[in-house]
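K.L.:
Structure provided below as structure tokens; questions to follow.
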There are 4 protein chains.
Amino acid sequence: MFAVYAESFSSDEPLNGLVVGERPDPEVPDGWTTVDVKASSLNHHDLWSLRGVGLKEEALPMILGCDAAGLDEDGNEVVVHAVVRDPSYTGGDETFDPKRSLLSERYQGTFADRVAVPKANVVPKPESLSFEEAACLPTAYLTAYRMLFTQGGLKAGDKVLVQGAGGGVATALIMLARAGGLRVLATSRDEAKRSKALDLGAHEVFESGARLPMKVDAVMETVGRATWSHSIRSLRPGGTIVTSGTTSGPKLDDAELTRIFFLQLRVIGSTMGTRHELAALTNLLDATGVRPLIDRTLPMEKAQDGFAAMADGDVFGKIVFTR
Amino acid sequence: MFAVYAESFSSDEPLNGLVVGERPDPEVPDGWTTVDVKASSLNHHDLWSLRGVGLKEEALPMILGCDAAGLDEDGNEVVVHAVVRDPSYTGGDETFDPKRSLLSERYQGTFADRVAVPKANVVPKPESLSFEEAACLPTAYLTAYRMLFTQGGLKAGDKVLVQGAGGGVATALIMLARAGGLRVLATSRDEAKRSKALDLGAHEVFESGARLPMKVDAVMETVGRATWSHSIRSLRPGGTIVTSGTTSGPKLDDAELTRIFFLQLRVIGSTMGTRHELAALTNLLDATGVRPLIDRTLPMEKAQDGFAAMADGDVFGKIVFTR
Amino acid sequence: MFAVYAESFSSDEPLNGLVVGERPDPEVPDGWTTVDVKASSLNHHDLWSLRGVGLKEEALPMILGCDAAGLDEDGNEVVVHAVVRDPSYTGGDETFDPKRSLLSERYQGTFADRVAVPKANVVPKPESLSFEEAACLPTAYLTAYRMLFTQGGLKAGDKVLVQGAGGGVATALIMLARAGGLRVLATSRDEAKRSKALDLGAHEVFESGARLPMKVDAVMETVGRATWSHSIRSLRPGGTIVTSGTTSGPKLDDAELTRIFFLQLRVIGSTMGTRHELAALTNLLDATGVRPLIDRTLPMEKAQDGFAAMADGDVFGKIVFTR
Amino acid sequence: MFAVYAESFSSDEPLNGLVVGERPDPEVPDGWTTVDVKASSLNHHDLWSLRGVGLKEEALPMILGCDAAGLDEDGNEVVVHAVVRDPSYTGGDETFDPKRSLLSERYQGTFADRVAVPKANVVPKPESLSFEEAACLPTAYLTAYRMLFTQGGLKAGDKVLVQGAGGGVATALIMLARAGGLRVLATSRDEAKRSKALDLGAHEVFESGARLPMKVDAVMETVGRATWSHSIRSLRPGGTIVTSGTTSGPKLDDAELTRIFFLQLRVIGSTMGTRHELAALTNLLDATGVRPLIDRTLPMEKAQDGFAAMADGDVFGKIVFTR
């Protein structure tokens, strides 16, 4: 079948190992099913895979792609959940499985005619969402949903600060926070990004490190070192930082432990989301009319162009591949 | 000062005991403050007071009114929180204080030039809300906010059923649920009310007792006997009924205890809300642009007309008095 | 292999359908494993099965028994979790799966040389627990554990009322509540049972319906109709009733809905427990030295005697079968 | 009245400013009451006050002491809650009040014949606890109670690691964790302290930094820099560190942010406890028979000897003063 896959790794020239070609149909273990892919979307995870991060040499060739929407074996419109639990896992929340994998890490990914997934990893797609829109959800938007509403425990009327507007998860955080009735503050070093954050729905934007006019209930952290102390200082007593990444690095100058214990702050890690959260997220978009921000849509044959644009950093919103 | 108060009780002709006249300025105990009332709003509670329900003979004459917005002693625009904790109460959530009272029960109410309240019962009014709009919040909308987001634990993307569309709290429930990113289903026996529920933002409406196309995460119950079994049957396993009243009576034909334990359902009582929740509610309206539904606005001198309209049942939305 | 099974149903003479004999080895589907049974324990569920309640004619002959401890295929000492999720279930908590079954309902039970279970249904047995003790846990004690610590949310220093001391779950509730640092009050109509409740660790015992000297944080309800109003009246504002059965029937004279909403009480259904909770329960017994109460231990060949004793009601504690 | 107070500060010779003498009776503001002190206990906080940490020059002379048990104005036996909320605080949990103070910081302390406290700061003393025992609770044991059961959310059957056995809070953590049905692991650099931890009830003890035989649900952190990475590595996915101090300093070599987000760990600050938690703690001791560890009991006139012992570090358990 048609597939976009990694043939080799290169940390300097990741696109060198990218092939748009043919791969065998996926194996379908007992308890798994297949989805005919109508649309998928690109993540930085795909670029990292081509650099050999999170993917093993012996797994090559590997079809890339975590996100997809398409048709299940009965022709139903579905979204694919990218988190695959290890068969030995006995817990209830698959994101806590230390042996979990994302599609394209251990099992073949979604940039293909067809993808095989465990039966439980298929979620109904609401009619109101196009395949292109639905294909944006399983990674960036799901991560943002879990950060805000599960790990952050935020509810309508609360106040949230999103650090580092402009990033893919930050964009999703701003849009979903507005959809959930939150007051949304956002920061960026870059004026153009602050302006875009306002367009996405942020109520107020600030330069990085600026003193805020109010304390917030929670801060969404994907930046790390560059914003940590500001995040801590922006919280009300008992407030929460949800952290799901560190684009500026994880080595903090000062973890601010004294403030954490004296103000009884909470720091909560978050990564990806559950199948149940993906279903709630699709319901949220269906119920509110909010739609993921799409930078461009390309036929999957032109996947190279999408990867190149992401590598150049010249992107605001998701890059979607259609099939 | 000018005041609208109850002079006597009558269960049949409640308006007979209503006086629009003059009363002494309120006493201001240590730790209390006064608010100059700019707007207040009418609740069924006020009509019940005139019938002698929840109010004692020896407390007469009593200025009526639970809700108000106005100016504090420094001229700041504020909303008044109506729940007054007993001085002996040591808990953290004033709605759990068994000796709590609402304004106009033990302490003089808000239908007057001025009302005295504990300093903690004053919440900043966002500029974006008019005094009229803010005066609608402290009872019906606060009750709805706590039902949905505290007791119901609902978060963006969840599904909620509101029973008995048309009631004051049900109206607030539908509007606030939409503001919080929920999918909202509503029922009513009356087609006109179902139509209004759609106008308010309900996604789908149903006749009372109709089988729903999906199971919901929570049901908001203010009806009681007439809807209880339907509420139970509408829930997913582990789902929640939040109950804050029983307009059709509290005597259930069948409490459905077997379903409750086998499906692990949750029934959670709710009444009024905290000062903290009132602040979050004002923030929710400020952040989303959602505004309370106002049936009519009258100068406080014409309070009789407002009481008469409510007694006739000829009302959809809040009746606001301005001063 | 040797097995104790139901051959037919009789509501009047349930033991008539009970056979101690031979049955084929269990089938072992993909993803399942087998446990060599060293001990199992009897539940009322087994007697109900012989009456045809919860078991279908076409499932006969069915090996009975939900509870077991034994050796897994590698010779490890294990406890068996009795709740089997349906393969189509996608949620995290298997007790919310509406199509779940208990061993001996759809799949062959534990009163045999060997039982087949999903791999995830096997929990390590702590060395400090004998097979006989471990075999008491998966139904009655697991139910009690979830009621107290998950659904009831009780923590050390809280106060709990156990209604209907003497029942199997009530016995487990009293013992586990004490192990968890709770103050334990218990009721029974029967003086001998009240006395036994004190022996099990209850701090204070009362006649059914007696006014308690203090309000409690939670009531554990397995009685239903006969105790409901007393349970409601025994709670502090905001307190919780956890209900997992109704030995006196589910039809309440008065559900007490007005008290529920005005005092903001919580009614939470509970049934069985998760694999994770079974592991925590074994850890609790291992860490505290608390042990299940065993009425008698019989070789599995004498299972008839155990069933007869339970049918006579002449039991205080678990009846254990060894193999 | 008789009182033990700070007259001046000295960081090197804190005892130089300590006076055992006479001070005027405390002022009793509206809404406050007095307690006749029968016993109080010493905390490091008292020694820090004499060094001028947390206490202002202009507040001198200041009667020291946070903890007390005694008789209220009606002769009831009570324990004193040391956290005094600022009158302007409107929240529900006084430990989140940024302007809160402890007795002996802004208001006169408990080392005296009499102490004045807000009426809500008085909790009934169970008969089963002596005044000496009750006087140990309001600081170290209350801190430990909140860490374990509120901020840590630990329940019976969970596993907890206590870092730095030997400290006052760590001692309380081990004893209360056992009382609540937890499996308790503890570390110390010092063999004698590890041995004492076993005597207090720890199930297993380890050298600092040793690899544990199992992952735990939560770590109780009062050490900081020296143990942080070990605490992070000891947690199961989704596990919790509760931090309430940093005896080895707050500047972490590596905050381990990458592990925090990828394993979805939770870091929760904690400080002191609420009045409600103090009541639950007294109930826990009453219900389980667990008693605080007392190093020595001295008449309050000999308070100097107690301070000297604490300054020498020659203490294991609480130093109690009686009056």
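K.L.:
Please state the relative contact order of the stretch B:1-115 as a whole percent: Cα pairs under 8 Å, 6+ residues apart?
P.N.:
32 percent
K.L.:
Could you pull out every residue, at least 5 positions away or on a different chain, whose amide H is within less than 5 Å of the one on C:ILE241? Hs are placed 1.01 Å off N in the peptide plane, and Pro or chain starts have none.
P.N.:
C:VAL219, C:ARG266, C:VAL267, C:ILE268
K.L.:
Which three semi-axes in whole Å describe the equivalent ellipsoid of the stretch C:143-182, each the square root of 5 times a Cα gyration tensor eigenvalue, listed largest first?
P.N.:
15, 10, 8
K.L.:
Given contacts defined as C-alpha pairs under 8 Å and at least six residues apart, what's the relative contact order of chain B, whole-number percent?
P.N.:
Relative contact order for chain B comes out at 18 percent.
K.L.:
Positive end of the dipole of the stretch B:195-289, charges at C-beta (+1 Lys, Arg; -1 Asp, Glu), about the Cα centre: which of B:LEU212, B:GLY238, B:THR258 has its Cα farthest in that direction?
P.N.:
Comparing the listed Cα positions along the dipole, B:THR258 ranks first.
K.L.:
How large is ³J(HN,Hα), in whole Hz, for each residue of the stretch A:65-73 in order, when computed from phi with the Karplus curve 6.51 cos²θ - 1.76 cosθ + 1.60 and θ = phi - 60°, using x for Gly and Pro?
P.N.:
x, 9, 9, 7, 9, x, 10, 7, 5
K.L.:
How about the stretch D:208-239: which of its residues lose at least 20 Å² of accessible area in the presence of all protein chains relative to their chain isolated, using a 1.4 Å probe?
P.N.:
By number: D:PRO237.
K.L.:
Label-to-label distances across copies for B:GLY249, with labels 7 Å out along Cα→Cβ, in nm, shortest first?
P.N.:
Going from nearest to farthest copy, the values are 2.0, 7.3, 7.4 nm.
K.L.:
Please report how far the C-alpha centroid of the stretch C:252-305 lies from that of the stretch D:174-210, rounded to the nearest whole angstrom.
P.N.:
Each part reduced to its Cα centre gives a spacing of 30 Å.
K.L.:
What percent do you get for the relative contact order of the stretch A:259-323 when only Cα pairs under 8 Å and 6+ apart count?
P.N.:
Values: 42 pairs, mean separation 20.4, N = 65.
This gives 31 percent for the stretch A:259-323.
K.L.:
A further question follows. List the residues, sorted by chain then number, that are 5 or more residues from C:MET62 or on another chain and whose placed amide H is less than 5 Å from its amide H.
P.N.:
C:ALA6
K.L.:
How large is the convex hull of the C-alpha atoms of the stretch B:1-65 per residue, in Å³?
P.N.:
Measuring per residue, one finds 102 Å³ for the Cα hull of the stretch B:1-65.
K.L.:
Report the accessible surface area buried between chains C and D, summing both sides, using a 1.4 Å probe on protein heavy atoms only, in Å² rounded to the nearest 100.
P.N.:
Details: alone 14270 and 14280 Å², together 26930 Å².
The contact between D and C buries close to 1600 Å².
K.L.:
What size of dipole, in debye to the nearest 20, comes out for the stretch B:211-272 about its Cα centre when the only charges are +1 on Lys and Arg C-beta atoms and -1 on Asp and Glu C-beta atoms?
P.N.:
140 debye
K.L.:
Using each residue's phi in the stretch B:202-210, evaluate 6.51 cos²θ - 1.76 cosθ + 1.60 at θ = phi - 60° and report the 3J(HN,Hα) Karplus result to the nearest Hz, with x for Gly and Pro.
P.N.:
The phi angles translate into 4, 6, 9, 10, 9, 5, 3, x, 5 Hz.
K.L.:
Let's test the formula: R0 of 30 Å, r as the Cβ-Cβ distance of A:GLN304 and A:ASP30. What FRET efficiency results, to the nearest 0.05? Write down the numbers at each step before the final one.
P.N.:
Working: r = 36 Å, r/R0 = 1.19.
It comes to 0.25.
K.L.:
Would you mind listing how long the stretch D:169-323 runs along its three principal axes, going by Cα atoms, in whole Å with the largest first?
P.N.:
55, 35, 29
K.L.:
Just round it to a whole percent: the fraction of Cα-Cα distances in the stretch C:242-288 exceeding 16 Å.
P.N.:
Result: 62 percent of Cα pairs exceed 16 Å.
K.L.:
State whether the stretch B:251-323 is rounded, prolate or oblate according to the following rule on the C-alpha gyration tensor (a ≥ b ≥ c being the square roots of its eigenvalues): a/c under 1.5 gives rounded; otherwise a/b larger than b/c gives prolate, and the remaining case gives oblate. Don't skip to the end; give the middle numbers.
P.N.:
On the way: a/c = 3.26, a/b = 1.66, b/c = 1.97.
Here the stretch B:251-323 falls in the oblate category.
K.L.:
Determine the per residue accessible area of the stretch B:64-132 with all protein chains present and a 1.4 angstrom probe, expressed in square angstrom.
P.N.:
Normalised by residue count, the accessible surface of the stretch B:64-132 is 37 Å².
K.L.:
Related question: For the stretch C:30-135, just say rounded, prolate or oblate: build the C-alpha gyration tensor, square-root its eigenvalues into a ≥ b ≥ c, call rounded for a/c under 1.5, and beyond that prolate if a/b exceeds b/c, oblate if not. Show your work: numbers first, answer last.
P.N.:
Details: a/c = 1.78, a/b = 1.24, b/c = 1.44.
Oblate, since a/c reaches 1.5 and b/c is not below a/b.
K.L.:
Where the only charges are on Cβ atoms (+1 Lys, Arg; -1 Asp, Glu), what is the dipole of the stretch D:1-99 about its Cα centre, to the nearest 20 debye?
P.N.:
Magnitude of the dipole: close to 300 debye.
K.L.:
Another question about this same structure. Work out, in µm²/s and without decimals, the Stokes-Einstein translational diffusion coefficient of the stretch B:61-111 at 37 °C, 0.692 mPa s, Rh from Kirkwood over C-alpha pairs.
P.N.:
274 µm²/s
K.L.:
To test your reading of the geometry: what angle, between 0 and 90 degrees and rounded to tens, separates the Cα axis of helix C:303-312 from the longest principal axis of chain C?
P.N.:
Tilt relative to chain C: about 30 degrees.
K.L.:
For chain B, what value does the Rg/Rh ratio take when both radii are computed over Cα atoms and Rh is the Kirkwood radius, given to two decimals?
P.N.:
Rg/Rh for chain B comes to 0.97.
K.L.:
What is the percent carbon and sulfur in the accessible area of chain B, measuring with a 1.4 Å probe over the protein chains and ignoring ligands?
P.N.:
Roughly 46 percent of what the probe reaches on chain B is carbon or sulfur.
K.L.:
Check the straight Cα-Cα distances from A:LYS159 and name the aspartates and glutamates below 14 Å, setting aside those fewer than 8 residues away within the same chain.
P.N.:
Within reach: A:GLU204, A:ASP217, B:GLU277, B:ASP286.
K.L.:
Also: Tell me, for the rotation carrying C onto A, which chain C residue has the beta-carbon closest to the axis and what that distance is in whole Å.
P.N.:
That would be C:GLY92, 2.
K.L.:
Something else about it: Once a ≥ b ≥ c are taken as the square roots of the eigenvalues of the Cα gyration tensor of the protein assembly as shown, is the result rounded (a/c under 1.5), prolate (a/b larger than b/c) or oblate (a/b not larger than b/c)? Walk me through the intermediate numbers first.
P.N.:
Numbers: a/c = 1.23, a/b = 1.12, b/c = 1.10.
The shape class here is rounded.
K.L.:
To the nearest 20 Debye, how big is the dipole of the protein assembly as shown about its Cα centre, given +1 on the beta carbon of each Lys and Arg and -1 on that of each Asp and Glu? Kindly include the intermediate steps, with their values, before the conclusion.
P.N.:
Numbers: 136 positive and 172 negative charges, 1 e Å.
Dipole magnitude for the protein assembly as shown comes out near 0 debye.
K.L.:
Amide H to amide H, which residues 5 or more places from D:TRP32 or on other chains are under 5 Å from it, using H placed in the peptide plane?
P.N.:
D:LYS119
K.L.:
As I understand it, the dipole of the stretch B:29-138 uses +1 on the Cβ of Lys and Arg and -1 on the Cβ of Asp and Glu, about the Cα centre. Which of B:SER128, B:SER88, B:ALA69 lies farthest toward its positive end?
P.N.:
B:SER88
K.L.:
Might you tell me the accessible area per residue for the stretch B:211-323, computed with a 1.4 Å probe and given in Å²?
P.N.:
37 Å²
K.L.:
Could you go through the stretch D:169-186 in sequence order and give the Karplus-derived ³J(HN,Hα) for each residue, using 6.51 cos²θ - 1.76 cosθ + 1.60 with θ = phi - 60°, rounded to whole Hz, and x for Gly and Pro?
P.N.:
Listing the rounded values in order: 5, 4, 4, 5, 4, 4, 5, 6, 5, 5, 4, x, x, 8, 7, 10, 10, 9 Hz.
K.L.:
From the helices alone, meaning DSSP H stretches of at least four residues, give me the mean residue ellipticity at 222 nm for chain A, per-run term -39500 (n - 2.57), in deg cm²/dmol to the nearest 500.
P.N.:
Here the helix-only value at 222 nm equals -6000 deg cm²/dmol.
The values are calculated or read from the model by the stated rules, or taken from the named source; none is laboratory data. Small disclaimer: the values here were computed from a predicted structure and weren't measured. Ideal geometry is used to build each Cβ from the backbone, glycine not excepted, and the neighbour counts take in all protein chains shown. We work out accessible area using only protein heavy atoms, side chains counted, and drop any ligands, DNA or RNA first. Shrake-Rupley method; radii C 1.70, N 1.55, O 1.52, S 1.80 Å.
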